[in-house]
Amino acid sequence: MVRFGKNGESQERRELLQSLKEMTLVQNGKHSNDNAAFQHVRDNIDNIERKNGINETDLIFLKGLMDSPVLKSLVKVQDRLEVKPPTLSPPETLASLNIHKDIYIRCNRSWNRDARELAEIINKPHFRALLDSHDQVADITENPNPNRKKEPPKLFPNGMTNDAIRMVGVRKKNGEPLGLTVQIDDNENLVIARIMEGGMIEKQGLLHVGDVILEVNGNQVKTPEDLQVEVAKSKDSVALKVGNANQYNETHASIMTNGSNVANGVTKKLTCYMRALFEYIPEDDSLLPCKEIGLPFDRGDILQIVDQRDPNWWQAKKVGADNRTGLIPSLELEERRKAYVSPENDFVHKISICGARISRKKKKIIYQSKSNCDFDKAELLLYEEVTRMPPFKRKTLVLIGTQGVGRRTLKNRLINSDPEKFAGVIPYTTRPQRVLEENGQTYWFNDREQMEEDIRNNKFLEYGEYNGHLYGTHLDSIRDVIKQGKMCILDCSPMSLKILHNSSEFLPYVIFIAAPGMEQLKSLYDISKSNSNLRYSSKNLTFDRQSSIRYSSRRARTLESLASLYEEEDLKRTLEDSASMQRTYDKYIDQVITNNDFDMTFREIIEALEALTTEHQWVPVNWIY
């Protein structure tokens with residue numbers, strides 16, 4: 001800027017303006033091809049001098065700026081762009097980042113060293129930023145939009161803006177977890193993976209699944225271990241700096257109220273009830289992400305499944321216990337775990353001397369209906385979906401147990417106690433009808449061809465062959481008892497429980513009569529022997545002291561010792577068979593009663609049946625829906 005003093009101001013000003021005019025004339029002669037608009041402004045500067053109110057100093061500065069070589073160069077660039085704009089080749093794709101993600105995943109999972117090195121290179125921030133710039137330029141080229149909104153600058157970590165960062169305060173009790181689990185995503189952010197239902201965080205509704213945790217109490221956290229350390233330092237409350245996740249707009253509570261979740265085209269109910277058919281101890285589970293939020297349960301417990309979106313871990317509550325929500329293994333995870341065979345126990349595959357894996361040829365087994373009980377024993381049942389029903393009367397009562405525990409005695413006692421309420425079934429047989437026997441009194445006599453046809457049509461609950469004759473329990477005989485308004489009492493084989501359990505027609509209540517101790521079992525044998533209901537020994541070896549010619553003879557003592565020995569073996573076998581049967585068919589059993597005394601066992605059965613008419617029941621969902 002040129003400034004003039006008061007003395008001699010007019011003379012110096014006139015000389016300076018004259019020199020500028022001469023310089024302008026010279027330059028106009030050399031650069032006659034300047035921009036027309038630019039030249040028009042320069043030509044009109046002289047006319048501006050004649051107007052009043054114009055500061056001559058500013059006018060001199062403007063003339064000097066117009067004659068600057070830098071400004072002239074800018075004008076030339078503008079002229080060139082207007083005459084012939086640059087032509088850009090069309091972009092190959094507008095989604096370079098998506099292609100980059102696929103390539104990175106494939107290369108990162110490859111065992112090739114070069115591929116893994118390439119994955120490391122293309123995952124660098126500068127490379128991803130370059131692809132992002134390419135996509136933006138390509139989008140502008142393909143879809144020019146003059147009113148395109150400018151995105152705010154990214155001033156915060158993890159690509160978040162000021163509006164995306166928020167502070168969340170969470171109340172905390174000593175020794176109680178926060179009720180969430182975290183994981184590290186592909187961008188190395190600490191992301192909330194799940195929020196436990198019923199916890200303080202879920203009740204507040206301030207955190208969402210997918211939110212990024214940046215700081216805890218002012219300290220930056222990057223790993224789950226850092227988060228655990230900072231939370232452990234807190235006493236009454238925890239202050240979290242959280243970044244919003246754009247792809248998750250719903251809170252955990254709002255997701256739960258939707259009632260269902262669709263994954264892979266299959267709708268999953270988020271809330272249901274399951275009966276646990278195995279025992280679970282979180283402390284012994286090496287796959288559980290956090291031991292503190294695991295939910296222990298026993299066999300037979302009713303679990304309320306509140307969230308099963310995670311394919312490996314479900315969120316559940318134990319019905320009847322405290323209202324705490326914890327993680328339990330999903331059906332898919334537990335099936336894989338039960339089916340896993342460790343290498344040291346794998347007898348199908350072996351390693352040869354050279355290190356090659358040898359696979360032994362597997363034997364193919366063709367399914368046969370007569371061997372279905374063996375396949376049923378191998379069936380893997382972990383959870384059974386149930387529903388809560390108001391009190392109602394069951395249609396059948398099933399008493400199962402090993403031989404010699406008094407099932408038939410209890411069955412006959414129940415029927416004789418109230419014939420108007422309880423009744424048994426009459427079995428079918430192909431045995432010839434004897435003299436004085438009436439059809440339908442002790443047996444329904446049938447020809448073999450008809451009975452075999454009904455067996456093939458699955459009309460029998462159970463059947464067998466004895467001395468060349470078929471015997472069986474027809475399903476129609478059970479239906480006849482139910483139609484009379486009576487409860488049908490069955491002492492069938494445990495292999496028939498699957499048919500009764502999976503049917504909504506018979507609604508069985510299954511009671512397992514467990515074998516008592518050795519002394520009580522001996523008394524049961526004595527009672528059975530006196531009543532001639534059961535055999536005294538499977539060996540049919542009995543000894544009567546009074547029938548011996550010589551009481552103290554060696555033969556008498558030998559027979560007595562052998563009889564007691566066989567009886568001891570039968571008792572032990574009964575105890576073993578009872579425990580094995582209970583383990584195998586525990587999934588179908590509603591109640592277990594140890595038969596220490598017939599009178600006590602009878603009263604417990606009557607009380608259990610009366611409770612069914614006064615208390616709510618958990619029954620399989622296939623009985624209702």
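The values are calculated or read from the model by the stated rules, or taken from the named source; none is laboratory data. Please read these numbers as outputs of a predicted model, since none were measured by experiment. All Cβ positions, even for glycine, are placed from backbone atoms using ideal geometry, and neighbour counts span all protein chains on display.
Structure above, values below:
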item	result
Filtered residue count, the stretch 424-448, keeping only those that are within 18 Å of E462 (Cα to Cα) and not in a loop (DSSP other than H, G, I, E, B)	6
Qualifying position, being surrounded by fewer than 12 Cβ atoms within 10 Å (Cβ to Cβ), over 20 Å from Y588 (Cβ atoms) and acidic (D, E), among E438, E452	E438
Residues satisfying the stated conditions in the stretch 449-466, i.e. over 17 Å from L490 (Cβ atoms), of a type in the set (K, R) and part of a loop (DSSP other than H, G, I, E, B)	none
Inter-residue pairs, beta-carbon under 8 Å, first on the phi > 0 side of the Ramachandran plot and in the stretch 71-85, second modelled with pLDDT under 75, 6+ apart	none
Residue in the stretch 380-390 that is surrounded by fewer than 15 Cβ atoms within 10 Å (Cβ to Cβ), aliphatic (A, V, I, L, M) and assigned to a loop (DSSP other than H, G, I, E, B) present	yes
Sole residue being under 31 Å from the mean Cα position of the chain (by Cα) and modelled with pLDDT under 80, chosen from D163, D186	D186
Where Y340 falls short, out of the listed (1) at pLDDT 90 or above; (2) more than 20 Å from E202 (Cβ to Cβ)	(1)
Wholly enclosed helices (runs of 4 or more DSSP H) of the stretch 194-271 bearing at least 3 residues at pLDDT 50 or above	200-204, 224-233
Breaking point among (1) modelled with pLDDT of 90 or more; (2) in contact with a Phe, Trp or Tyr (Cβ under 7 Å, 6 or more places away or on another chain); (3) closer than 30 Å to Y273 by Cβ, for L382	(1)
Tally, over the stretch 398-413, of residues that are in contact (Cβ under 8 Å) with a residue 40 or more places away in the chain and either on the phi > 0 side of the Ramachandran plot or assigned to a helix (DSSP H, G or I) (or both)	9
Selection from the stretch 312-330 of residues that are out of contact with any Leu (no Cβ under 6 Å at 6 or more places or on another chain) and in contact (Cβ under 8 Å) with a residue 24 or more places away in the chain	Q315, K317, V319, N323, R324, T325, L327, P329
